[in-house]
Amino acid sequence: MAKTEVSFKGRVTVYSVIGCPHCIQAKSSLKELGLPVCDVDINQHSELRDEVKKRTGRSTVPQIFVNNVHVGGNEDLQNLAPEELQRLVEMVRDQPVPEDAPGLPVQGLGSTESEEFVCERDAFADLVEEFKGSGVIRSHRKGVRVFRNSFAGTELVDWLQREKGMERPKACEVGQSVMSRKYFSSVAAGVDGFEDSSALFRLLEHDPNAALNSGEMAACSPMKASELSEILRNLILKLFANHLSSDGKSVDYKAMSRSPSFEQYCDLAVQLQRVELDSLSREDKLAFFINVYNALVIHGNVSLGFPKNLWQRYRFFNYVSYLIGGEVFTLQDIENGVLRGNRKGMAQILKPFSKSDPRLKVALPQPEPLIHFALNCGARGCPPIKTYTAQGIDSQLRTAAEAFLENDDGCLVDAGQGEVKLSQIFKWYKADFGDTDEKMLHWILNHMGDSSKKDSLQNLLSSGSVKVSYLPYDWTPNSTD
């Protein structure tokens, strides 16, 4: 018997972001009801963000509308009674979209696809490729230490003279130019320039720290850090969304690792090796390093597996790394060194960067507390994955904080008990939010959206007696394994 085709006069609109687990689950549930879903990514269509916030009073996603009726978020949808669900299905089937229904993207506004990366081969790439196959690069001993895949400065100069017919001063100049383009670096800390001496150097692709984007030469001309990070971020977000389960609760990282798109992502991540960092503004640094951190977490989960206990988590965040602009940055380096203004993180005795560390010059002068609501550690207790851009980064981060605090997993106000229960994030990084419970609670109050929860917190603070406790943190991996 042929299945009867159902026509719908109305519309179900879901405002979401790509890769959001709650969004995936909500859209899956709606489609199981046979409803046509109009999915609007408000990261790509930011012109609608303010309208959605004004209509709903919420910053979280998804936000679901049936015609002009606001259903709420995913939890609201899942908790609807069967008869209420049936009423909504009938509304979409029988009632046309009214004029006061929420808006859809305007043609030409927003962007639906990330810019495609086009590699322009760098002027020195062929020279470095030829030198790499010359046999000059080998193991060198300095005292008791052996430096594998290294070469002396004088060996490079000799090779340029012998194979390229350069005068020695010109060969030294070329050596410095190639080093400045971040094809290689000194094996000794604190050496910034090239030397025609026995000083040892190593190609970045031979970095011994096992950075996830090493092992291959970045042959493309360096592009702006902000542009490259956005392309990488959008690509890995799509990968994340494509391999998320229909209930939005888990990611199939094994399937992701076999995807051609993941191979494309890994190829692009190599280009971070020589990206230019020195000229980044504060806004550029925030967007770039937040995006790279979140992408690196996913890359680490795919390539190495998700950490399952305290020791594995310690190793994961202290050893999973990328080569960025000629330097190795672990997840801890990015979070605590760069974004927190070189502050000690959990279980760290020392600051990430010493005074002589070249990475210190890219660290923010002051810690930015809002980054804690943008970084995703890959566990269920972490904030959701989003994309950030330098333009408007502060408002984007405030929106992320507001959305986090709306959720009871981030902040739960119990007016009856005079207690505020907070995510462990506030305990771990209390110094970023204030030295006392009172300062921290006022920070939270100032970053909440208008809501009954905010009113309750204000009343508790006015009473002068508030107990602060911390909610259990859900370290459950979001992997299907």
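Coordinate-derived values only; no laboratory data. Here the structure is a predicted model, which is why all the values come from computation and not from measurement. All Cβ positions, glycine included, derive from the backbone under ideal geometry; neighbour counts span all protein chains shown.
Here are some notes:
- Estimated FRET transfer efficiency (ALA188, ASP267; beta-carbon r; R0 35 Å; 0.05): 0.70
- Potential extension, ASP50-VAL144 segment - 0.36 nm per residue separation minus Cα distance: 27.6 nm
- Size estimate for the stretch 125-206 follows the Kirkwood approach: the inverse of mean 1/r over distinct Cα pairs works out to 12.7 Å.
- Fewest-first sequence of CYS38, CYS220 by Cβ atoms within 10 Å of each Cβ: CYS38, CYS220
- Alpha-carbon radius of gyration plus Dmax, which is the widest Cα pair, for the stretch 12-94 in Å: 12.0, 35
- Of LYS132/LYS170; LYS54/LYS238; LYS285/LYS344; LYS421/LYS454; LYS224/LYS285; LYS238/LYS427, pairs whose Cα-Cα distance is over 23 Å: LYS54/LYS238; LYS238/LYS427
- Net charge contributed by nearby residues that have their C-beta within less than 14 Å of CYS266 (K/R +1, D/E -1): -3
- The charge dipole of the chain, taken about its Cα centre with unit charges on the Cβ atoms of Lys, Arg (+1), Asp and Glu (-1) only, comes to about 1400 debye.
- Helix screen, the chain: DSSP H segments with Cα axial length of 27 Å or more and mean Kyte-Doolittle hydropathy at least 0.0 are 282-304.
- Of SER197, SER16, the sequence from fewest to most neighbouring Cβ atoms within 10 angstrom is SER197, SER16.
- At R0 = 25 Å, FRET efficiency that the Cβ-Cβ distance of THR436 and LEU412 yields, to 0.05: 0.80
- Cβ-based exposure ranking for ASP41, ASP474, in which fewest neighbours within 10 Å come first: ASP474, ASP41
- Exposed-site-free run, longest, the chain (rule: GluC sites (Glu not before Pro); DSSP loop; at most 12 other C-beta within 10 Å): 168-481
- In the chain, helical runs assigned H by DSSP with n ≥ 4 each contribute -39500 (n - 2.57); averaged across all residues and rounded to the nearest 500, the mean residue ellipticity at 222 nm is -11500 deg cm²/dmol.
- Antiparallel %, DSSP beta bridges [both residues in the chain], to 5: 70
- Other residues whose C-beta falls under 12 angstrom from the C-beta of LYS9 contribute a net charge of 0, scoring Lys and Arg +1 and Asp and Glu -1.
- Candidate aspartates and glutamates - alpha carbon under 20 Å from LYS351, same-chain residues fewer than 8 apart omitted: GLU327, ASP333, GLU335, GLU368, ASP432, ASP435
- Extension gain, LYS355 to TYR314, is 12.3 nm, computed as 0.36 nm per intervening residue step minus the present C-alpha separation.
- Taken about its Cα centre, the stretch 125-206 carries a charge dipole of about 400 debye when Lys and Arg each add +1 at the Cβ and Asp and Glu each add -1 at the Cβ.
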